[in-house]
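In what follows, a structure is listed as C-alpha cells, so that the remarks can point back to it.
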Amino acid sequence: MTIQASAPPKTKSQALRSYDVADFPALTGLEEEWRFTPLKRLRGLATGAPVATASVSYQHPDLPAGVTARRIDRSDPRVGSVLTPFDRISALAYGQASDVLLVEVAPEATPADAAVIRVVGGGADGVAYGHTLVEVGRFAEATLVFEQVGSTTLADNVEVIVADGASLTLVTVADWAVDAVQAEHLKFRLGRDARVTHVQVTLGGDLVRQFTSVDYAGRGGDAELYGLYFADTGQHLEHRQLVDHTVPDCRSNVGYRGALQGDGAHTVWVGDVLIRAEATGTDTYEINRNLVLTDGARADSVPNLEIETGEVAGAGHASTTGRFDDEQLFYLMARGIPEAEARKLVVRGFFAEMINKIPVVALRERLGDAIEQRLRRTEEQTAVAVSPTVPGQAGSVTREAR
C-alpha cells in the first residue's frame, strides 16, 4: 500500500508513505531528510536492496511476570498497523525482515522490575534486517530496556502500541561495536490517556541513524522523549524525531543532549513537531543541547515546529551548541580540583538530567562509567577546544523560539 500526495510534499503530513521499497528511489544525499547522513557508510542500504546475509539475535532470559517475548510471523495483523515507512531504508527493512519479535505487557500488569532484552549483532560483514513489535495492554505500567551490542549492519523497524490508560518507560541503549552501522525507525502510537517516556542512549557504532516518531489515537496522550549521545573520533550519530499531533488535548516534550570529541565526530539532531488543525489544546516543547569538547567535531541541530491551528496550550523549541562554560570550570579549579577532573564533572553534570530519567539504577551507574571512560580520552586529544573569551557568548550558537 502506498500513501502519496499528488503534488510534491510541502509539509511532513504530505510525505510519501509506503511498505514497498520500490516506491522510494535510491538516495543521492540531496534529499532534505538525508543531507547530513554519509550515505557511502551505509554499506548499500541507501542505494540498493541487499539480501540479508547476517542476523541479530534477541536475548531475554529473565523477563518479569506480566511480560513475554516471542517470535511471530509477519502475517500477524498487528505487524505494520502502527508504522508505515516513509523512507527507503525503513521500507527495505519492512520487506526484508523474515519474522517479528513480539514483546507483550499484559493488561493491568505492573512488573516490579524492568524487562531487559539484548539485541546482539552477528557481524558487520553482511546486512541484517529486524522488526520488533511492542504491545502494552490497557492500564499496564512497565519499564522495558533494549540493549543493542556487537557488530552489525542493521536496518530495523520497531512498532510500539501503548493502549488506553497504559504507561511505558522504554530505554534504548545503542552500545554497538566500533564497526557497527544501524538505521532504525521507532514508532509509538498512544491510546487515550496513555503515557510513554522514551530515553534513547547512543554511545557505540560507526554510523547510527535513529528516527523516532509518535502519533496519538486518543485524547490525553503524553509523550516524553529524552536522549543522550556521545560521539567520539569518526563517529556519526544521528537522531530525528517526528511528533505528529492529530488529536486534541495531547502533550509532548522532547529533550536531547549530546557531547562530541575527536576529529570527524559528527552528531545530527532534527526535531519535527507537527500540530494539525484538529489538534487543539496541544502542549509541546522540544530542546537540543550540544557540548563540543574538542576541535574537529561538528554538531548539527535543527528544531522544526509546524502549526496548523492557533488553539494550542503551548508550543516552542530551542537549540544550543557550544563549548565548555569557563565559569563552571574556573569555579571548580578555584576550589582545588585539577582541570581534567573539573572537565569531567562539568560533562557529568551536563548529562545528569538525562541519565536520571532512567529508572534502572544499575544502568544509570553503568552509563555514568561509560561516559567517564570517554572523557578520559579527552585528555589525550591534541586539539583542545578554545574556550570563549566571554563565557556563554562567543563560541556558541543558540536558536530559540517560544
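The values are calculated or read from the model by the stated rules, or taken from the named source; none is laboratory data. Model, not experiment: these values are computed from the prediction. As a convention, Cβ positions derive from the backbone with ideal geometry for all residues, glycine included, and neighbour counts pool all protein chains shown. Please note that ligands, DNA and RNA were not included when accessible areas were found on the heavy atoms of the full protein model with its side chains. Shrake-Rupley method; radii C 1.70, N 1.55, O 1.52, S 1.80 Å.
Once the convex hull of the alpha carbons of the chain is built, what does its volume come to per residue, in cubic angstrom?
Residue-normalised Cα hull volume stands at 141 Å³.
What translational diffusion coefficient, in µm²/s and rounded to a whole number, does the Stokes-Einstein relation yield for the stretch 275-315 at 25 °C and a viscosity of 0.890 mPa s, taking the hydrodynamic radius as the Kirkwood radius over Cα pairs? Please report the intermediate quantities before stating the final value.
Details: Rh = 12.7 Å.
Stokes-Einstein gives a translational diffusion coefficient of 194 µm²/s.
Picking from LEU237, GLY227, GLY264, whose Cα lies most toward the positive end of the charge dipole for the stretch 227-272 (charges on Cβ: Lys, Arg +1; Asp, Glu -1)?
Working it through, the farthest residue towards the positive pole turns out to be GLY227.
In nm, to one decimal, how far is the ASP76 label point from the ASN253 one, both placed 7 Å along Cα→Cβ?
In this crude label model, ASP76 to ASN253 measures out at 3.2 nm.
For the chain, set up a GNM with springs between Cα atoms under 10 Å and report which of TYR331, TYR256, TYR19 has the largest fluctuation.
TYR331
Give me the mean projected area, in nm² to one decimal, of the convex hull enclosing the Cα positions of the stretch 112-265.
8.7
Treating the stretch 209-294 as a set of equal point scatterers at the Cα positions, no solvent, please give the Debye-formula log₁₀ I(q)/I(0) at q = 0.20 Å⁻¹.
Log-scaled intensity ratios, in q order: -0.83.
Per residue, how large is the accessible surface of the chain? Use a 1.4 angstrom probe and give square angstrom. Mind dumping the intermediate values first?
Details: 16410 Å² over 402 residues.
Here the per-residue accessible area is 41 Å².
Nearest 5 percent is fine: what portion of the DSSP beta bridges confined to the chain is antiparallel? Intermediate results must be reported in sequence, preceding the final value.
Working: 18 of 141 bridges.
Restricted to the chain, the bridges split so that about 15 percent are antiparallel.
Taking the 0 to 90 degree range and rounding to the nearest ten, how far is the long axis of helix 339-355 tilted relative to the main principal axis of the chain, both from C-alpha atoms?
20
Once neighbouring chains are kept in place and the probe is 1.4 Å, which whole percent of the accessible area of the stretch 80-138 is contributed by carbon and sulfur?
41
What are the ³J(HN,Hα) couplings of the stretch 188-203, residue after residue, when phi is run through the Karplus curve with 6.51, -1.76, 1.60 and θ = phi - 60°? Round to Hz, x for glycine and proline.
Karplus values, whole Hz, x for Gly and Pro: 9, 10, 9, x, 4, 6, 7, 9, 10, 10, 10, 10, 10, 10, 10, 10.
Of all accessible surface on the stretch 194-236 at a 1.4 Å probe, what whole percent is carbon and sulfur?
After summing per-atom areas, the C and S share lands at 44 percent.
Could you state, as a whole-number percent, how many of the C-alpha pairs of the stretch 126-197 are farther apart than 18 Å?
Beyond 18 Å sits 43 percent of the P(r) for the stretch 126-197.
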